[in-house]
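Coordinate-derived values only; no laboratory data. The structure displayed is predicted, hence computed values, not measured ones. For neighbour counting, all protein chains shown are included, and Cβ atoms are generated from backbone atoms with ideal geometry for every residue, glycine included.
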Amino acid sequence: MKIAVLKNRRRPIKPVLVGKGLPTRVNANIGTSPEASSLEEELKKLEVAVAAGADTVMDLSTGGDIDEIRRAILDHSPVPVGTVPIYQAFYEAKKKGKSFVELTPKEILSVFEKHFADGVDFATVHCGITRKNLKRLYKRKRLCGIVSRGGALVVEWMRYQNKENPLYEYFPEILAMAKDYSVCLSLGDGLRPGAIHDATDEPQILELLVLGELVEMCWEKRVFCLVEGPGHIPIQEIWFNVFLEKVICSEAPFYVLGPLVTDVACGYDHITSAIGGAIAGACGADFLCYVTPAEHLGLPTVEEVREGVIAARIAAHAADIAKGIKKAKDWDRLVSTHRANLAFEKMIENCLDPKKAREIFERQKPKENNVCTMCGEYCALRRTKRLLSEKRRR
């Protein structure tokens, strides 16, 4: 069970496998918000994300007709689709004219069953937050507190009801539903750090310890699972966070958001995320959730979704080279061979983003063939080939 299979039994798609010994996978988040809700826009984002190479997508919609949006994404997506059902539970409560904190556990769980029945392939469950580890959170002076939307909702419910987290207390019921539909459970990191200052603190680690116990419960019931991870983590702590997850969670597939290695790069967080993702993947993380340039600022555009996927794919590929994945090394060798031969067209065709590469190559016409406008007649590769050729003739 060190590998998770993402495919609901109701969906006629090719399953995606995540875990040990496999290439590092990439997920793209799409979905509406209360401030911006357009099904047409989200379907464009889905199309662009898949075309850019995303292995999976997650619908995180919180605005508009959530049922219609989710079902449309499921109908149009050729790759596995994930959701966070707790978001819709909040939305459904508002529609009924009451607060989310007034929902019963049965009402919350009914939303999970609806998503599973619709065909969702994997779903985030914020089940690692317990009354016991919340006590440590209250004592800990975090800079950014709780940054997980699902985590914040769960904690708000717990405080109002003065009860245990229903997703933890009723986890066996969620497991039974997941098994019925072959849904992979993504065990959510509701207490992940949202600032470098809060990284690898006690609340985060206590939640991970709970998730380690729930991984064993999943495996006992033959339910696939992922473990979600941080978050904002400084570079030097990434390896330790991956190490902790692999030890505490018995090498269950690790699904990381980024991690983002600095807090100051608003507008460029696809880059900070790719830096962290490459390191996390090289250290053993299995699944990278992309981050777009719009992170922390707003809902991403279609183009920003594409940029986020490409950045995450670069990180995943770099990680695969470090992991010794043969296909990754062979791909680099192929592109470098074409570059060495000054076969620019073949190099462009085989690179990670041919569209972008071709746009750059063709925007200025070289004066000579088999060169680019960076070096022109000073091209080191061309001169080296000439020198080696002359030496052989001698």
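Shape of the range 1-99 from its Cα gyration tensor (a ≥ b ≥ c, root eigenvalues): rounded if a/c is under 1.5, otherwise prolate when a/b > b/c, or oblate? Don't skip to the answer; put the middle values down first.
Details: a/c = 2.29, a/b = 1.65, b/c = 1.38.
The shape class here is prolate.
Antiparallel DSSP bridges in the range 3-323: what percent, to the nearest 5?
Values: 4 of 30 bridges.
Antiparallel bridges make up about 15 percent of those DSSP assigns within the range 3-323.
Would you kindly derive the ³J(HN,Hα) couplings of the range 263-272 from the backbone phi angles with the Karplus curve 6.51 cos²θ - 1.76 cosθ + 1.60 (θ = phi - 60°), listing them in order in whole Hz, with x for Gly and Pro?
9, 9, 9, 3, x, 10, 5, 5, 7, 4
I need the calculated FRET efficiency for the pair L39 and V5, taking r as the beta carbon distance and R₀ as 22 Å, to the nearest 0.05. All intermediate terms of the calculation are to be shown ahead of the outcome.
Details: r = 29 Å, r/R0 = 1.31.
FRET efficiency, L39 to V5: 0.15.
I want the local charge near G281. Using Cβ-Cβ distances under 10 Å, sum +1 for each Lys or Arg and -1 for each Asp or Glu among the other residues.
On the way: positive: R25, K323; negative: D286, D320.
That sum, taken over residues with Cβ under 10 Å, equals 0.
Taking a quarter of the surface of the Cα convex hull of the range 3-323, what do you get in nm²? If you can, show how the numbers build up before the last one.
Numbers: hull surface 56.2 nm².
The directionally averaged projection comes out at 14.1 nm².
How tilted is helix 149-161 with respect to the longest principal axis of the chain? Cα atoms for both, answer in degrees (0 to 90, nearest 10).
Long axis of 149-161 versus the principal axis of the chain: about 10 degrees.
Run lengths n ≥ 4 of DSSP H only: what is the helix-derived mean residue ellipticity at 222 nm for the chain, with -39500 (n - 2.57) per run over all residues, to the nearest 500?
Working: 16 runs with 201 residues, N = 394.
Calculated from helices alone, the mean residue ellipticity at 222 nm is -16000 deg cm²/dmol.
Hand me the trypsin sites (Lys or Arg not before Pro) from the range 40-97 located in a DSSP loop with no more than 12 other Cβ atoms within 10 Å, in residue order please. Present the calculation step by step, with values, prior to reporting the outcome.
Working: sites: K44, K45, R70, R71, K94, K95, K96; in loops: K96.
Here the sparse-neighbourhood loop sites are K96.
Once a ≥ b ≥ c are taken as the square roots of the eigenvalues of the Cα gyration tensor of the range 101-249, is the result rounded (a/c under 1.5), prolate (a/b larger than b/c) or oblate (a/b not larger than b/c)? Could the numbers behind the result be given before it?
On the way: a/c = 2.00, a/b = 1.32, b/c = 1.52.
The shape class here is oblate.
Can you list residues from other chains, or at least 5 along the same chain, whose modelled amide H is less than 5 Å from the amide H of A195?
Amide H neighbours of A195, under 5 Å, 5+ apart: H232.
If amide hydrogens are placed 1.01 Å from N in the peptide plane, which non-local residues have theirs closer than 5 Å to the one on G128?
So G128 has HN proximity to G188, G190.
Using the Karplus equation 6.51 cos²θ - 1.76 cosθ + 1.60 (θ = phi - 60°), what ³J(HN,Hα) coupling, rounded to whole Hz, does each residue of the range 129-134 give in order, writing x for Gly and Pro?
My calculation for the range 129-134 gives 8, 10, 4, 5, 7, 5 Hz in order.
If amide H atoms are built 1.01 Å from N in the plane of the peptide, which residues on other chains or at least 5 residues away come under 5 Å of the amide H of F287?
Those lying under 5 Å, H to H, from F287 are R25, F254, V256.
What is the Cα centroid distance between the range 171-233 and the range 1-74, reported in whole angstrom?
The two parts, judged by their Cα centres, are 19 Å apart.
Apply the Karplus parameterisation 6.51 cos²θ - 1.76 cosθ + 1.60, with θ equal to phi minus 60°, to every residue of the range 51-66 and state each ³J(HN,Hα) to the nearest whole Hz, in sequence, with x for glycine and proline.
Listing the rounded values in order: 4, 7, x, 5, 7, 8, 10, 10, 8, 9, 4, 10, x, x, 7, 4 Hz.
Cα axis of helix 171-181 to longest principal axis of the chain: angle in degrees, 0 to 90, nearest 10?
Here the helix axis deviates by roughly 60 degrees.
Taking Cβ-Cβ under 4.7 Å as the only way to count a partner, pick out the unpartnered cysteines of the chain.
C127, C144, C184, C249, C266, C283, C289, C351, C372
Between 0 and 90 degrees, rounded to the nearest ten: what's the tilt of helix 235-248 against the longest Cα principal axis of the chain?
50 degrees
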